[in-house]
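Peer 1: Structure below; questions to follow.
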Amino acid sequence: PWNTLTITDKTRLLDDPRPAVRERAIQALSKSGDAAVAELANVLKSRSATLRHRRNAVWTLCRMAGPAARETARVALSDPEAEVRQAAAHCVALHRDEPAMDRLIEMLRDDSPAVRREAANALGRIGRSEAVEKLLEAAANLSKGNSDRFLQHAYIFSLISINDAAATRRGLRADSFTERHAALLA
């Protein structure tokens, strides 16, 4: 009986082995507002929480409105697991969470290509010109043995989304072919 469960009980169910139960817990918690944010923050900070538990806490925060949910989701941008960082970057992108920009720029150097791709996506959706130089630098790093077309597309699309022609044009004078290519396409 879901109506008798506490927020703590529902938060525990984010790590249930049954997908339907996890999804229902996400839905129920996302409607609980700030009362659930504190519990979700505890999950994200817990060293004993599983990857699935922390990732589902992020997905729950992603469905919530309000500054407390945004602030708590930003904590997950520094999670030790790439899947959680990727989910958090997606959440930040959906909400165009500008206070996350500095961390997103750092994430352009993440070990995980999926995290770098989602960080670029978030920077593009936020749309601040300060990210252009860092996106061009990230594109330049693709020439160093990493020719990931998905990453290349993410960087270029983010540059297009930011729509700062003057800042992007500076990439046309770069030494790196991939940086010049990204700037030219954008």
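Peer 1: With every protein chain present, what is the per residue accessible area of the chain (1.4 Å probe, Å²)?
Peer 2: Numbers: 9630 Å² over 186 residues.
With the other protein chains kept in place, the chain gives 52 Å² per residue.
Peer 1: Can I ask one more? Where does helix 149-162 land angle-wise versus the long Cα axis of the chain, in degrees 0 to 90, nearest 10?
Peer 2: 90
Peer 1: For segment 39-83, what D do you get in µm² per second when you plug the Kirkwood radius from alpha-carbon pairs into Stokes-Einstein at 4 °C and 1.567 mPa s?
Peer 2: Values: Rh = 10.3 Å.
Reported coefficient: 125 µm²/s.
Peer 1: Quick one: plug the Kirkwood hydrodynamic radius of segment 53-186 (C-alpha pairs) into Stokes-Einstein at 4 °C, 1.567 mPa s, and report D in µm²/s.
Peer 2: On the way: Rh = 14.7 Å.
For these conditions, the coefficient is 88 µm²/s.
Peer 1: Please report Rg (one decimal) and Dmax (integer) in Å for the Cα set of segment 101-158.
Peer 2: My reading of the Cα-based Rg and Dmax gives 9.9, 29 Å.
Peer 1: Grab the beta carbon distance between Glu133 and Leu51, set R0 = 30 Å, and tell me the FRET efficiency rounded to 0.05.
Peer 2: Details: r = 33 Å, r/R0 = 1.11.
Taking R0 as 30 Å, the efficiency between Glu133 and Leu51 is 0.35.
The values are calculated or read from the model by the stated rules, or taken from the named source; none is laboratory data. Quick caveat: nothing in here was measured; it's all calculated off a predicted structure. Note that we place each Cβ from the backbone using ideal geometry, even for glycine, and neighbour counts take in every protein chain shown. The protein model used for the area step is the full one, side chains on, heavy atoms only, and it has no ligands, DNA or RNA in it. Shrake-Rupley method; radii C 1.70, N 1.55, O 1.52, S 1.80 Å.
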